[in-house]
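For reference, the structure discussed in these notes is given below.
The values are calculated or read from the model by the stated rules, or taken from the named source; none is laboratory data. Given the structure is predicted, the values throughout are model-derived calculations rather than measurements. Backbone-built Cβ (ideal geometry, glycine too); neighbour counts: all protein chains shown. Heads up: the accessible areas ignore ligands, DNA and RNA and are worked out on the full protein's heavy atoms, side chains in. Shrake-Rupley method; radii C 1.70, N 1.55, O 1.52, S 1.80 Å.
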Amino acid sequence: MFSVGLLYLNNKPGLSDTTRQRIAEAVTKLRYTPRKANGSESTLIGLLVERLPFSMFSELHYGDVLHSMEAAARDLGYNLILVIVEPGQNISDLRTTTQPWGVIVLGGGDITAEVISSTLEVDIPVVLVDVSLPGRALNCILVDNQSGAFQSTRYLIERGYQRIACIQGPKKYPSLIERFQGYCFALIDAGIPLEAGLIQPPISSGFPNKGYREMLALLERGERFDAVFCVSDRTAFGTLQALQESGLRVPQDVAVIGFDNTVQSSYTTPPLTTVNMPKKDLGEVAVHRLYDLMNGETLLQPVKIVLPTSLVIRDST
């Protein structure tokens, strides 16, 4: 949401002529000039992401988030510049003649606590997306991953499933850790003991088809399960393929649930039950929060905004 002052300063609709006149008089009286970073006229927003083996804009988890950010920035008169973070890299190179006016830090992985801390040392506004820094009061836009995983696992339990396996994701991503925690809490809450044999760690590093090798490993160990919680839709897609190749029917033999609600999830065979991650809202809220900070709302304290998830029920359960 825009403040009244920002609506006026950016010539946005939503103000009466009387209100505009009062703000104009106040601006003239106070000799107010909108703040620019280091006195520059930069219209750049830096977007820090880790290097991935494929295009960020085609990536299932973040592609829609990035599109939303780009559209929101463009509507506000800004351009996103992509800053790829290499493992162990310091972000001191943001101090350049093309320094952005503000920075969005997206996700975990190689975006470590050290990278985030070095970004905060650059004297420009910073908003974290889908990641936070424990012990620091920072502007963060997060998704309620833990609650989404809890609700989806509880849904499986309410449907009568008792032996629910989980395919984890890499531990370098805080959002995937939170999803695994939600799965664990749902089982504990229902009085179902956690079984190490039903929790499959990731073994697909370097492979594009996540979940496939993990599901094969579960089956090869002879584990007995009637449902699978996957920490992402991409993992669920590989899981579906492995189950079908093994002659198991979904959901008659094994129910499968994912997380993200990517476009592809409604076109799998069968269509995938999944947790909807509010990707469009995540991008828009992040850009607008950064916009407020960049335009002088320095009195605002750092806030953590957590966006809710929802369960999308399809035929895989």
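Structure data summary
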| item | result |
| --- | --- |
| Qualifying residue in the stretch 303-310 (condition: touching a residue at least 40 places away in the same chain (Cβ under 8 Å), among the aliphatic types (A, V, I, L, M) and closer than 28 Å to G197 by Cβ) | no |
| The stretch 264-299, residues that are polar (S, T, N, Q), open to solvent by less than 10 Å² (accessible area, probe 1.4 Å) and not in a helix (DSSP H, G or I) | T273, T274 |
| Condition met for S175 (in contact with a helix residue (DSSP H, G or I) (Cβ under 7 Å, 6 or more places away or on another chain), within 30 Å of H288 (Cα to Cα) and surrounded by fewer than 18 Cβ atoms within 10 Å (Cβ to Cβ)) | no |
| Among the residues listed as A217, A236, A242, the single one being free of Cβ contacts under 8 Å to residues at least 24 places away in the same chain and outside any loop (DSSP other than H, G, I, E, B) | A217 |
| Number of the exception - V306 against (1) closer than 30 Å to W101 by Cα; (2) at pLDDT 95 or above; (3) surrounded by fewer than 22 Cβ atoms within 10 Å (Cβ to Cβ); (4) in contact with a helix residue (DSSP H, G or I) (Cβ under 7 Å, 6 or more places away or on another chain) | (4) |
| Close pairs (6 angstrom Cβ cut-off, 6 or more residues apart or separate chains): free of Cβ contacts under 8 Å to residues at least 40 places away in the same chain and surrounded by 17 or more Cβ atoms within 10 Å (Cβ to Cβ) in the stretch 102-125, outside any helix (DSSP H, G or I) and of a type in the set (F, W, Y) anywhere | none |
| Failed item in (1) open to solvent by 60 Å² or more (accessible area, probe 1.4 Å); (2) at pLDDT 95 or above; (3) within 14 Å of A236 (Cβ to Cβ), with Q252 passing the rest | (3) |
| Tally, over the stretch 210-236, of residues that are of a type outside the set (F, W, Y), open to solvent by less than 40 Å² (accessible area, probe 1.4 Å) and out of contact with any Lys or Arg (no Cβ under 6 Å at 6 or more places or on another chain) | 11 |
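Residues checked against (1) more than 14 Å from R234 (Cα to Cα); (2) loosely packed, with under 15 Cβ neighbours inside 10 Å:
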position	(1), (2)
G160	yes, yes
I164	yes, no
L198	yes, no
S204	no, no
P208	no, yes
